[in-house]
1. Find the Rg to Rh ratio for the protein assembly as shown, where Rh is the Kirkwood radius over alpha-carbon pairs and Rg uses the same atoms.
2. Spin-label point model (7 Å from Cα, Cβ direction): what's the residue B:136 to residue A:42 distance in nm?
3. Over chain A, calculate the relative contact order: mean separation of alpha carbon pairs under 8 Å at least 6 apart, over the residue count, as a percent.
4. Would you mind checking the stretch A:275-298 for residues with the amide N under 16 Å from a putative spin-label position 7 Å along Cα→C-beta of residue A:77?
5. Taking the mean number of other Cβ atoms within 10 Å as a proxy for protection, how do you rank A:280-288, A:248-256, B:180-188 from highest to lowest?
6. So if we plug the beta-carbon distance of residue B:59 and residue A:159 into 1/(1 + (r/R0)^6) with R0 = 25 Å, what FRET efficiency do we get, rounded to 0.05?
7. I need the calculated FRET efficiency for the pair residue B:159 and residue A:123, taking r as the beta carbon distance and R₀ as 35 Å, to the nearest 0.05.
8. How would the stretch A:2-63 be classified by its alpha-carbon gyration tensor: rounded, prolate or oblate, with rounded meaning a/c under 1.5 and the a/b versus b/c comparison settling the rest?
């Protein structure tokens, strides 16, 4: 009995040893591939995983001399401060509202554009339109935003010149809070709709032409084909992009806002990222703004996870 | 029946043309303003066609020292960025494309987690600072060196190359590194060029990293210079000495600066366009 037992222990030790040897020889066999992975692996560790570790300063009083680990713990102090701080609710509301407007007004635009382009039979015309509408995606937000600001300028901007033609007073668009959100969403639509349509156009090419032929045989109108063949064909792509959009509801593009806003419209224009930059880095309130960042990342994770779960339940789409 | 369809087509065509005009109009307006005679624009008339022809604004901006410095910095970061980003992304994506590689799934999860959760602006700043990159050109290259999206895209390119090529090279005694450099890279040159152009455009256009990591004026990039110029109305302080402004107008100088910033993008756009649809499609289907 004991002998038998000893034997198994020995056997386990042996097989463990064999396992280690096998593991090492596998690594050795693929040593060049692992070597190719190494720089990227280290990069991800330093620039992606260490910042996640750095999130602990949201629970500390960060101090440059003491570093991330050495700074004293303060528990939930920064979070308690945030949740009782009117500024926090203001920037949270601004961020969520811009994202909701984006979802309502900007998200459907690439789908509509792709469906319209799909109806075109003349390939030259189609390609010309595509070349033009994809272009602004490749311009920086400084350039595109700068042009928008120029077009809306009260003195020499095109829009106010047109208003003048009709005898209307010039409007100071960029310094009035009421215009800020529409300007952000309209400039986003103009800049990114074309680019966004590409992915739907790609999905449209995967629809079997026989489906359209069969629908035509059954006497379906153009509109019926759109509803019963085309839309179901790109449904999965729409759901996928929708999930990703939901995951970034607390994240509004810094580069766009940072060009279009100015102190006169901070009340509606300040979003989480611009606030973290201004208050966190410029005023050196690292821990408090890291708490905002932590909240942002954490809620983002919950949102994308829940959206994905819902999508899985009601369709067969999932991002993982 | 057929007339109803043609009315539909006409409607679709009209909507598309209107949208295309609307997206292109802002850019057209910039070119127009920058080359027109500023004295004729000043009268505040509606401009749909160039009025006169005057390149004084371009001369002024191209003589401006801060413009030239920031232009040079952007060129440097773009060149360094493309080299470093491509080297890291290609080697990482190549190794990940090997279905037989033990641990492949772990590495995939390892990079995908970073798409779902991140440390955010401040902790990333602290790490970039701790690695000694603040106020160096490398702060604009290293922290954005890998993009998970690009890695997944490149991985699918490599996966599409037939495995038989690798097998026969291995029989001939080639190691994985040689196979990668001598067989796979030459075969995926078109995809590499596409991704390279995308990285270049990203480096040319982005400026959030420059705002966060760069404080030295002599390391300022083109986009931050342009932002100071078009957004903050204190253009005179941005430009320094502007005694030459009598020759032209602020509007003309601004639009000329915008156009010069966009020019490199306009030059590479036809090349990008040739490939990007393929790239995005592949990423969408495989990713």
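Any read-out appearing in this document is the output of simple, stated calculations on the displayed coordinates, not a laboratory observation. Everything numeric in this text was worked out from a predicted model, so none of it was measured. As a convention, Cβ positions derive from the backbone with ideal geometry for all residues, glycine included, and neighbour counts pool all protein chains shown.
1. Here Rg/Rh amounts to 1.01.
2. 1.4
3. 23
4. Once the point is set 7 Å along Cα→Cβ of residue A:77, A:285-292 turn out to lie under 16 Å by backbone N, inside the stretch A:275-298.
5. A:248-256, A:280-288, B:180-188
6. Taking R0 as 25 Å, the efficiency between residue B:59 and residue A:159 is 0.30.
7. FRET efficiency, residue B:159 to residue A:123: 0.70.
8. oblate
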